[in-house]
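Asker: Pasting a structure here, questions to come.
The values are calculated or read from the model by the stated rules, or taken from the named source; none is laboratory data. All values reported here derive from a predicted model rather than from experimental measurement. All Cβ positions, glycine included, derive from the backbone under ideal geometry; neighbour counts span all protein chains shown.
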Ligand code: FAD
Ligand code: UDP
């Protein structure tokens, strides 16, 4: 009899949700994380009374009432609605692309005028089936918005030409012919009151957790502790990079504490020109309507991932997707291991999607079996 039913590698949203569900059903779990803290990328650090989103700005949004109720079981959420601004050479535009953006860009005031303007701007391009991000963006919002609000930001963010990127990336953003600056179209949205750590603490309550513990420091020993393994780290690392390294974009954050109450008047301002080195400035207090006397701002710089750096965005181009397919084939043959979360699935996942995936996978495994058996076959 082993000490644990499940060893869970990674205490991010996937690992913590799985551990929570398994523990609720009476399974014995050990969670390990190589970082000094739990929560993965949703971790917040409180300084000067302000919650800093240490791994980039996180806004919770979902259309799924079940997931909304699930997270609300751990924390109340505030009414924060994400409405970033775009700064292009000092001129400000509302995001996502909506009638306010079209008005600022062209002076048009009706949806028909805006739609005609977009059509006129791409009339000679004949884009029926967009092959890449540039074509998709042009088709959605026309040339001016593409050139001022998309091209520079996207190429800084991804370090690649917009013509070399998949179209789906830009389809994450709504395009609206209404005066609505809500960045998401989801029904439920907000920030956990008191920051995301409350959610992590709730998920991991009563569960044994070891931080500063890297699975690969002694994978045989850690694997021997439990009947089954839930792995949420990078899938290429798990298989010793046998099919090659999966590429990522990494981020560098420059935090600054400023002796002023309000620096930019909004939580998120994107810098969409190609010359400004950073992609955006986050002013964290605005996520929670903070009234502290000082403020903390973070400039976000994007770079290619190199060993030793944090992996942030998967680069889902053809070459990487092909490599990932090879790893998936290997994963299917790996008995007793479940791979989940953004790093193991090499996926541009939002929080609600990661939780949804962990709930579905844990339900499939945990509700079918009553005791440790050959549950992954
Ligand atoms: P992670 O949070 O990365 O957790 C994986 C954990 O595994 C980490 O803690 C890591 O240390 C640990 N680990 C890895 N390898 C090992 C090992 N060998 N041994 C031990 N531990 C290991 N989503 C939204 O819904 N809204 C947003 O506004 C939003 N903003 C984002 C902004 C940025 C900049 C980024 C990059 C992502 C954003 N997301 C957002 C997505 C969100 O961060 C993820 O969906 C979610 O946090 C992923 O959870 P996870 O458990 O899959 O991965
Ligand atoms: N994007 C852009 N200009 C902006 C904001 C976003 O061109 O001001 C593009 C960019 O390519 C980005 C994509 O839209 O990668 C998706 O944006 P999102 O805000 O969803 O990115 P994330 O939250 O993942 O950083």
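Asker: What's the total number of residues in region 174-196 that are over 13 Å from residue 100 (Cα atoms), outside any loop (DSSP other than H, G, I, E, B) and in contact with a helix residue (DSSP H, G or I) (Cβ under 8 Å, 6 or more places away or on another chain)?
Answerer: Total meeting the criteria: 2.
Asker: Another question, if that's okay. Take region 231-252 and flag every residue that is within 10 Å of ligand 1 (Cβ to nearest atom), in contact with a strand residue (DSSP E or B) (Cβ under 7 Å, 6 or more places away or on another chain) and under 14 Å from residue 305 (Cα atoms).
Answerer: 248, 249, 250, 251
Asker: For region 15-90, give me every one of the strands (runs of 3 or more DSSP E) that falls completely inside it and has 1 or more residues that are more than 16 Å from ligand 2 (Cβ to nearest atom).
Answerer: Because the criterion is at least 1 residues that are more than 16 Å from ligand 2 (Cβ to nearest atom), the strands (runs of 3 or more DSSP E) in region 15-90 that meet it are 29-32, 44-47, 50-53.
Asker: Can I ask one more? Kindly indicate which of 278, 301, 348 is assigned to a loop (DSSP other than H, G, I, E, B), at pLDDT 95 or above, closer than 29 Å to residue 192 by Cα and within 16 Å of ligand 2 (Cβ to nearest atom).
Answerer: 278
Asker: Among the residues of region 23-42, write down those that are within 24 Å of the chain's Cα centre (by Cα) and either closer than 15 Å to residue 207 by Cα or more than 8 Å from ligand 1 (Cβ to nearest atom) (or both).
Answerer: Scanning region 23-42 gives 31, 32, 33, 36, 37, 38, 39.
Asker: Answer with yes or no whether residue 101 is within 16 Å of ligand 2 (Cβ to nearest atom), in a helix (DSSP H, G or I) and in contact with a helix residue (DSSP H, G or I) (Cβ under 6 Å, 6 or more places away or on another chain).
Answerer: No.
Asker: Additional query: Which pairs turn up if I take residues in region 153-174 that are within 14 Å of ligand 1 (Cβ to nearest atom) and look for partners that are assigned to a helix (DSSP H, G or I) and at pLDDT 95 or above with beta carbon separation below 7 Å, at least 6 apart in sequence or on another chain?
Answerer: Final answer for the pair search is 169/133.
Asker: For residues that are in a loop (DSSP other than H, G, I, E, B) and either surrounded by 14 or more Cβ atoms within 10 Å (Cβ to Cβ) or touching a residue at least 40 places away in the same chain (Cβ under 8 Å) (or both), scanning just region 209-230, find the one that is farthest from ligand 1 (Cβ to nearest atom).
Answerer: Restricting to residues being in a loop (DSSP other than H, G, I, E, B) and either surrounded by 14 or more Cβ atoms within 10 Å (Cβ to Cβ) or touching a residue at least 40 places away in the same chain (Cβ under 8 Å) (or both), the top hit is 225.
Asker: Working carefully through the options 63, 78, find the one that is out of contact with any helix residue (DSSP H, G or I) (no Cβ under 8 Å at 6 or more places or on another chain) and in contact (Cβ under 8 Å) with a residue 24 or more places away in the chain.
Answerer: After applying the criteria, what remains is 63.
Asker: Among the numbered criteria (1) in a strand (DSSP E or B); (2) within 28 Å of residue 31 (Cα to Cα); (3) modelled with pLDDT of 95 or more, which one does residue 206 miss?
Answerer: Here residue 206 clears every test but (1).
Asker: Restricting to region 1-14, and then to whatever is surrounded by fewer than 23 Cβ atoms within 10 Å (Cβ to Cβ) and assigned to a loop (DSSP other than H, G, I, E, B), can you tell me which residue is farthest from ligand 2 (Cβ to nearest atom)?
Answerer: Applying the filter and picking the extreme gives 1.
Asker: Then there's this: I'm trying to understand the selection: among the residues of region 118-137, which are surrounded by 15 or more Cβ atoms within 10 Å (Cβ to Cβ) and away from ligand 2 (no atom under 12 Å from the Cβ)?
Answerer: 118, 121, 122, 130, 135
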